[in-house]
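Before any comments, here is the structure.
The values are calculated or read from the model by the stated rules, or taken from the named source; none is laboratory data. Quick caveat, the model's predicted, so the values are computed rather than measured. As a convention, Cβ positions derive from the backbone with ideal geometry for all residues, glycine included, and neighbour counts pool all protein chains shown.
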Amino acid sequence: MAKPKATANGRDGTKDVKTARAWDSLLSLFGDPKAPIAPRSLLQTVVIVSLILHIPAYIAMVVHNPRVVNTLNAWLPHPLVQLLPAQTKVAPSDVRGPDGLFGAPWSSLSDYVCDTSFSGVEIISRDPLLIRIDNFLRTGEAEHLINVSKPLMARSTVVVEDSKDSDYEKRRRLDNARTSSSAFLERNGDPVIRCIEQRAVAFSGVPLENTEPMQVVHYDPEQVFFHCLLVARFSVFLFTVSFQHYAHHFDWFPAQFLETENRGGQRVTTFFVYLNSLPESAGGATNFPHASKHIAGMKPPGSAKGVDVHPTKGSATFWWDTDLQGNGDDRTLHSGTPPTNGEEKWGLNIWQRVGTFN
């Protein structure tokens with residue numbers, strides 16, 4: 001009996017035979033090219049071509065499925081997550097969660113569906129323009145932001161105007177004018193962070209790439225300190241109460257700072273989002289001393305000067321930090337007043353620049 005002839009792909013030609021059979025099977029789907037085209041072969045060809053042409057659509061169906069994308073968000077490396085499309089809804093849900101905010105409750109990121117819409121918009125000051133957005137956050141988002149920021153919390157800092165250092169981060173200093181705690185959240189992070197960034201963009205119209213990392217801030221309830229003053233032979237103890245606060249300040253940067261600041265230039269907008277509600281008796285309002293609803297010839301409903309925005313969970317206050325010429329607007333002076341009566345205050349800063357933030 002003759003031995004099988006050795007080939008380059010195998011001693012007995014087995015691999016060549018299998019490859020040939022596989023290739024013949026594939027070609028058989030299209031029929032014998034030498035034979036007349038049969039109806040069955042034509043139908044097979046049409047089906048295969050149709051499937052190939054629909055591959056992009058099938059991929060889109062999978063990629064745009066919220067559960068699939070949010071599951072990928074949970075385990076893909078961050079650079080790859082940024083390649084995934086945003087999962088958004090264009091209209092607010094009629095469903096409200098237990099916290100009274102729009103949106104169905106969700107227990108994990110794979111169940112979360114992004115909604116970039118907003119509602120309940122009110123002008124609270126005409127000059128400068130301050131806008132309150134009653135339904136800026138969706139149910140569960142505030143709790144998520146608080147939970148992810150807690151491990152990152154540190155004493156808040158301020159940017160020193162007269163610092164000679166050209167490095168933005170090295171300009172930051174601790175200051176008694178700002179005694180809250182804060183944490184920055186990585187841009188384009190998990191699905192909730194990404195959605196809130198996109199919601200801010202949908203409202204302001206400022207490009208997403210101009211958005212700074214969002215900052216969660218926390219104001220503790222009053223803290224008690226004892227100070228000792230030695231007078232002659234007596235020790236006099238002074239009982240004082242210190243509240244966490246942020247004194248009056250601007251969010252825009254002075255010109256001398258922008259000369260060496262190259263991270264997107266001037267801040268142009270601010271969203272301050274309230275992550276919890278406070279009783280009116282507990283303070284914690286955002287105060288704008290130069291804002292006013294007053295219009296010449298019209299009697300204002302209350303005080304004609306100064307506006308206080310009280311913390312209501314899920315709401316946001318929005319304003320432009322600059323005038324139409326791009327200069328810092330002095331009328332946007334504001335402060336974070338301290339919470340009292342044992343209450344704490346949680347908030348979220350969203351800042352947007354005139355150019356791409358890097």
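If you go through segment 266-290 and keep only what is aliphatic (A, V, I, L, M) and in contact with a His (Cβ under 8 Å, 6 or more places away or on another chain), you end up with L278, A285.
Residue-by-condition table, conditions (1) assigned to a strand (DSSP E or B); (2) over 21 Å from S149 (Cα atoms); (3) at pLDDT 90 or above:
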site: L230; (1), (2), (3): yes, yes, no
site: H248; (1), (2), (3): yes, yes, no
site: F257; (1), (2), (3): no, yes, no
site: T270; (1), (2), (3): yes, no, yes
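Among the residues of segment 308-342, those identified as of a type outside the set (G, A, S), under 26 Å from N135 (Cβ atoms) and at pLDDT below 90 are T337, P339. Listed by first and then second residue, the pairs linking a residue in segment 183-199 that is modelled with pLDDT under 95 and small (G, A, S) to a residue that is outside any loop (DSSP other than H, G, I, E, B) and surrounded by 22 or more Cβ atoms within 10 Å (Cβ to Cβ), with Cβ atoms under 7 Å apart and 6 or more places separating them unless they lie on different chains, are A183/S149; A183/V216.
Pairing residues of segment 138-166 that are surrounded by fewer than 16 Cβ atoms within 10 Å (Cβ to Cβ) with residues that are of a type in the set (S, T, Y) and modelled with pLDDT under 55, at Cβ distances under 8 Å and at least 6 apart in sequence or on separate chains, gives S166/T260. Note on segment 346-358: residues that are at pLDDT 90 or above and either more than 24 Å from K150 (Cβ to Cβ) or assigned to a loop (DSSP other than H, G, I, E, B) (or both) total 6. The residue list V121, V224, V206, V113 contains one member that is of a type in the set (A, V, I, L, M, F, W, C), surrounded by fewer than 19 Cβ atoms within 10 Å (Cβ to Cβ), more than 26 Å from R263 (Cβ to Cβ) and at pLDDT 90 or above, which is V121. Scanning segment 320-345 for residues that are in contact with a helix residue (DSSP H, G or I) (Cβ under 6 Å, 6 or more places away or on another chain) and in a loop (DSSP other than H, G, I, E, B) gives D321, T340, N341, E343. Filtering segment 95-111 to residues that are in a loop (DSSP other than H, G, I, E, B) and either closer than 8 Å to G140 by Cα or not aliphatic (A, V, I, L, M) (or both) leaves G97, P98, D99, G100, G103, P105, W106, S107, S108, S110, D111.
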